[in-house]
Amino acid sequence: MNTNLFVASPMSSRLQRYARTLSTSTLFFVLVSLAIFLLAFLLRLYKLDIPIDRDSYDEGVYWQTLRAMSGGHALYQQTFYSQPPFFVLSIYPFYLLFGQTLWAARAGIALVSVVGLLGAYVMGYALARRPGALIALLLMVLDPLYMAQSQIIQAEAPSVAFMTLSVGFAFLWWEHPSGRKGYLFSALCAIALVLGILAKLYAFAALAPIGILMLAHIWRVFRQPGEKRFVALLPLFSALGFAILTTLVVMVPYLGSWSQFWDGVVSFHVVAEHVMAESASKNLSMLSQLRHYPLTYVALGALFFAALRRDLRIVAPLAWFMVLLFLLWRQVPLFVHHLVMLVPPMIALVVVGVAPLIDMVRNAELNVSRLVRWTSWLLLVAVLFAAASDAVLVRRAFRGLPEETPLSKQVVSDLRANITPGREIMTDAQFLAALADRSTPPSLVDTSTVRIQTQYLTEDQLIQAASRPEVQGILFYTGRLTNIEVAGFHTWVTQHYKLVRRYDNGKELWIKI
């Protein structure tokens, strides 16, 4: 018996025939794909309208931002907004269409997140054909980080979705760099990349794998005869044109407020990184939270085995992962929900890891070493284990969702009773105000600690806003509006407003005298 791990040997013919039948059956592929997408829709609609801030703060900020937009207040000019515009623009139509409720806003996020599932599907197909598409799709659907973000009004899900789609089309373009497919895939890649970046700047990281594929393509183009080179590069120039056009379509409405845009999207975060530099020491601890997710270990195993067999397909996903890891390490402040950015490159690593097994199934004449075969089977088993573990984590997350507290119900009731519809409420609990169907001043949709500590929101600005006739009440709830940087604001309120309700731990509702 030959025990050499590196000796090539054919796969069991019966097993290979059975596996090939499944992998090449269009009906099987379509039915399984539809079943996984259906599961994704059902998961995203489950408990979508639960009246709690799933992120403890950000959902209220972006819900109030949508309310401000529906009231005719432009982003960056009247409405403070610290992200590129496409995030809220992508969910705003659904918010209007479905009735301007919490469910409507979250439904927008859920639907946009499906783009990320399509991106994983395309990426998996490009790397390992139909089985790769199903593996990538299943892992993306059940991933607890992406699942959570698919129901939370935050920028991460839209950015991840379009970033993943752009990389998926880049891999397809690499296989079909010329002709109609070359133009189509390169254009779709460029459009998706720009939309991802204009949802959240982290999507710039997709330039790492895309750039590697572009450079590799340019290298092979310049090995061709001179008369063919220009034609071979035309899809790249076309993609650049589509990227510029997409940027203009999204950004033209905000060119008149460019200084406010740059100040909120770029300068604000640069100042925050400087002011809150001490919190960066906790970033490694935050990144270590990845150890709780099975996908992390499967991706590491895939990386190791791909490196062992010198599979160059691993280079682009690895570069993508490393760039994102560096950006997150530099992020100030860094939160757990930011880790979702790492999910797509880890899925790409996994698909590359199991690709040899898929190649064996598809090609009966392909002989591979025992080592490659065993490691590929091991990875496939690990993928199934990770998917099952992710399903358990998602189920546990749904079960662990808190219910609306009696205190929050009381606050919402008091806001409805004391704040006239159409008037504004200043608060650091934007979510509760929106639950009561009351809006904050557009400039104060965000009263975060970061904004206060960076002096992008000052005591004088708070007093000026509270003096406006549109503002009828002030709710102190989370402690942000009583931070030491704006401590004098509470004193001013006691002199110009009447206390209506004192709850506990400094939570108070004041009405203008």
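Criterion applied to Gly182, Gly168 was being within 24 Å of Leu290 (Cα to Cα) and either part of a helix (DSSP H, G or I) or under 12 Å from the mean Cα position of the chain (by Cα) (or both), and the one residue passing it is Gly168.
Scan segment 449-499 for residues that are surrounded by 19 or more Cβ atoms within 10 Å (Cβ to Cβ), among the aliphatic types (A, V, I, L, M) and not in a helix (DSSP H, G or I) and the total you get is 4.
Among the conditions (1) in the same structural domain as Gln149 (by TED's automatic domain parsing); (2) touching a residue at least 24 places away in the same chain (Cβ under 8 Å), Val381 misses just one, which is (2).
From the list Ala148, Ala187, Ala199, the lone residue that is part of a loop (DSSP other than H, G, I, E, B) and in the same structural domain as Arg220 (by TED's automatic domain parsing) is Ala199.
Within segment 141-148, is even one residue buried (at least 21 other Cβ atoms within 10 Å of the Cβ) and free of Cβ contacts under 8 Å to residues at least 40 places away in the same chain?
Of all residues in segment 141-148, those buried (at least 21 other Cβ atoms within 10 Å of the Cβ) come to 141-148.
Then drop every residue that is not free of Cβ contacts under 8 Å to residues at least 40 places away in the same chain, which leaves none.
No, there is no match, as no residue in segment 141-148 is buried (at least 21 other Cβ atoms within 10 Å of the Cβ) and free of Cβ contacts under 8 Å to residues at least 40 places away in the same chain.
Restricting the first member to segment 420-437 and to residues that are assigned to a helix (DSSP H, G or I), and the second to residues that are modelled with pLDDT under 95, the beta-carbon pairs closer than 6 Å and six or more apart or on different chains are Phe431/Asp53.
Going by the structure shown, is Arg330 surrounded by 16 or more Cβ atoms within 10 Å (Cβ to Cβ) and of a type in the set (D, E, K, R)?
Working: surrounded by 16 or more Cβ atoms within 10 Å (Cβ to Cβ): no; of a type in the set (D, E, K, R): yes.
Taking the combined requirement at face value, the residue does not satisfy it.
I need the full set of residues from segment 95-107 which are surrounded by fewer than 24 Cβ atoms within 10 Å (Cβ to Cβ) and in a helix (DSSP H, G or I), in order please.
Taking segment 95-107 and keeping what is surrounded by fewer than 24 Cβ atoms within 10 Å (Cβ to Cβ), we get 96-104, 107.
Passing the criteria: Leu96, Leu97, Leu102, Trp103, Ala104, Ala107.
The residues of segment 218-270 that are among the basic types (Lys, Arg) and part of a helix (DSSP H, G or I), listed by number, are Arg220, Lys228, Arg229. Of the residues making up segment 34-68, those that are more than 18 Å from Pro93 (Cα to Cα), part of a helix (DSSP H, G or I) and small (Gly, Ala, Ser) are Ala35, Ala40, Gly60.
The values are calculated or read from the model by the stated rules, or taken from the named source; none is laboratory data. Predicted, not measured: the structure shown is a model, and the values here were computed from it. Glycine gets a Cβ as well: all are built from the backbone with ideal geometry, and neighbour counts include every protein chain shown.
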